[in-house]
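Input: a single structure, listed below in structure tokens.
The values are calculated or read from the model by the stated rules, or taken from the named source; none is laboratory data. Keep in mind the model is a prediction, meaning the values are calculated, not measured. Positions of Cβ are backbone-derived with ideal geometry, glycine not excepted, and every protein chain shown enters the neighbour counts. Ligands, DNA and RNA are excluded from the accessible area calculation, which covers all protein heavy atoms including side chains. Shrake-Rupley method; radii C 1.70, N 1.55, O 1.52, S 1.80 Å.
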Amino acid sequence: MTGTPTRALADLQVSPIGLGGNVFGWTADEATSFEVLDAYLDAGGNLVDTADGYSFWAPGNSGGESESVIGSWLASRPVRDRIVLATKVSTKPDRPGLSADNIRLALEESLSRLRTDVVDIYYAHFDDESTALEETVVAFEEARRAGMIRHVGLSNYTPERIRQWFAIADSEGCARPIVLQPHYNLLHRDDVEGSGGRGQAAAELGMGLMPYFALAAGFLTGKYRRGEVIDGDRAGMVADYQRPECYDVVDALIQVAADHAVEPSAVALAWLRDRPGVTAPLASARSLSQLRPIMDALTLDLSAEETRALTRVSDAARS
């Protein structure tokens with residue numbers, strides 16, 4: 001598919017929905033991961049997001065599995081120059097934290113697994129308050145000047161720590177981070193949109209937003225219905241959403257989705273895609289069927305009234 005619009009992020013052109021790589025090498029084997037990546041690229045997507053820690057939590061895994069799958073895919077196809085490739089550091093069990101030494105080793109290993117010479121966006125995945133922030137900022141800058149990364153990103157940082165990073169970067173002559181990855185969706189908005197929240201800090205500092213958990217751990221896909229017992233791996237992750245107001249949001253998504261002949265996931269992603277400051281929400285797919293709404297959301301146009309209606313039911317779920 002051609003003609004998918006992109007959005008500017010520094011000198012990068014990014015598709016409006018990014019593909020999360022957390023399932024690769026976990027719930028999606030290599031062959032299926034390749035199919036998903038191929039189809040996403042063919043649909044006009046270009047943002048592939050992973051982390052060195054994906055997916056250490058799965059039995060038999062130690063972290064780096066997702067990067068290895070993506071690296072094998074890149075090595076087998078001439079598509080590297082079409083991809084905006086992002087990965088993160090700090091959660092791999094044998095490479096924890098954000099000390100300068102750990103960042104250097106972790107990045108070298110990530111590049112090796114990804115089979116590339118450079119990462120387009122390199123994230124500090126979780127804040128490491130045991131390491132001086134100055135040390136972390138300078139280590140990221142050294143990697144950038146060495147040509148191993150193009151841009152710096154932050155994930156899960158508080159507004160205060162984001163501002164501290166920028167102050168250090170400015171005082172040390174380091175490049176500023178260009179993007180923030182926050183937890184953000186129709187049911188989780190306050191710490192991004194609220195006064196003094198992450199979104200305000202990002203806007204003031206010129207950062208784009210690439211939200212994760214864009215589908216609320218699957219709750220916004222519409223697969224959970226009122227009165228049904230929720231079990232399985234994600235039951236605990238959606239426990240807070242089992243309120244009538246949250247199901248009202250799902251009902252609204254289902255209605256709008258039916259009007260557009262798409263799945264509720266596509267509508268939830270399109271709503272988030274168009275929130276102020278958002279560059280691209282991230283969503284993962286362990287199969288081609290799960291990828292379909294992600295591909296639809298790349299170009300789905302919601303009317304102003306549909307957007308307002310979704311925001312109204314979301315507002316009610318926040319109170």
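Descriptive notes on the structure:
- Meets criteria (assigned to a loop (DSSP other than H, G, I, E, B), of a type in the set (A, V, I, L, M, F, W, C), surrounded by fewer than 19 Cβ atoms within 10 Å (Cβ to Cβ) and in contact with a helix residue (DSSP H, G or I) (Cβ under 8 Å, 6 or more places away or on another chain)) for Ala58: yes
- Among the residues of the range 251-286, none is identified as among the charged types (D, E, K, R) and open to solvent by less than 10 Å² (accessible area, probe 1.4 Å).
- Considering the range 66-80, and only residues there that are farther than 17 Å from Ser284 by Cβ and of a type in the set (S, T, N, Q), the residue that is least open to solvent (accessible area, probe 1.4 Å) turns out to be Ser72.
Residue by residue, here is whether (1) β-branched (Val, Ile, Thr); (2) in contact (Cβ under 8 Å) with a residue 60 or more places away in the chain; (3) out of contact with any strand residue (DSSP E or B) (no Cβ under 7 Å at 6 or more places or on another chain) holds:
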{"residue": "Ile70", "(1), (2), (3)": "yes, no, no"}
{"residue": "Leu85", "(1), (2), (3)": "no, no, no"}
{"residue": "Lys88", "(1), (2), (3)": "no, yes, no"}
{"residue": "Ile103", "(1), (2), (3)": "yes, no, no"}
{"residue": "Thr116", "(1), (2), (3)": "yes, no, no"}
{"residue": "Asp127", "(1), (2), (3)": "no, no, yes"}
{"residue": "Val137", "(1), (2), (3)": "yes, no, yes"}
{"residue": "Arg145", "(1), (2), (3)": "no, no, yes"}
{"residue": "Ile149", "(1), (2), (3)": "yes, no, no"}
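- Within the range 1-35, if we keep just the residues that are hydroxyl-bearing (Ser, Thr, Tyr) and over 30 Å from Ser62 (Cβ atoms), the residue that is surrounded by the most Cβ atoms within 10 Å (Cβ to Cβ) turns out to be Ser15.
- Considering the range 6-35, and only residues there that are farther than 19 Å from Asp81 by Cβ and part of a loop (DSSP other than H, G, I, E, B), the residue that is farthest from the chain's Cα centre (by Cα) turns out to be Asp29.
- Some residue of the range 36-43 being among the hydroxyl-bearing types (Ser, Thr, Tyr), part of a helix (DSSP H, G or I), within 30 Å of Ala203 (Cα to Cα) and open to solvent by less than 40 Å² (accessible area, probe 1.4 Å): yes
- When residues of the range 287-319 are limited to those that are crowded, with 16+ Cβ neighbours inside 10 Å and acidic (Asp, Glu), the one nearest to Asp38 (Cα to Cα): Asp296
- Selection of the range 81-110 for residues being open to solvent by 20 Å² or more (accessible area, probe 1.4 Å) and not basic (Lys, Arg) yields Asp81, Thr91, Pro93, Asp94, Pro96, Ser99, Asp101, Leu105, Glu108, Glu109.
- The residues listed here are Thr311, Thr279, Thr307; of these, the one that is of a type in the set (S, T, N, Q) and within 21 Å of the chain's Cα centre (by Cα) is Thr279.
- The helices (runs of 4 or more DSSP H) found wholly in the range 251-319 and carrying at least 2 residues that are modelled with pLDDT of 95 or more and more than 18 Å from Tyr184 (Cα to Cα) occupy 288-297, 304-318.
- For the range 240-250, the candidate set comprises residues that are in a helix (DSSP H, G or I) and among the charged types (D, E, K, R); within that set, the residue that is surrounded by the fewest Cβ atoms within 10 Å (Cβ to Cβ) is Asp240.
- Residue within the range 102-120 that is among the small types (Gly, Ala, Ser), at pLDDT 95 or above and assigned to a loop (DSSP other than H, G, I, E, B) present: no
- Only one of the listed residues (Ala235, Ala268) is under 22 Å from Thr299 (Cα atoms) and out of contact with any His (no Cβ under 9 Å at 6 or more places or on another chain). That residue is Ala268.
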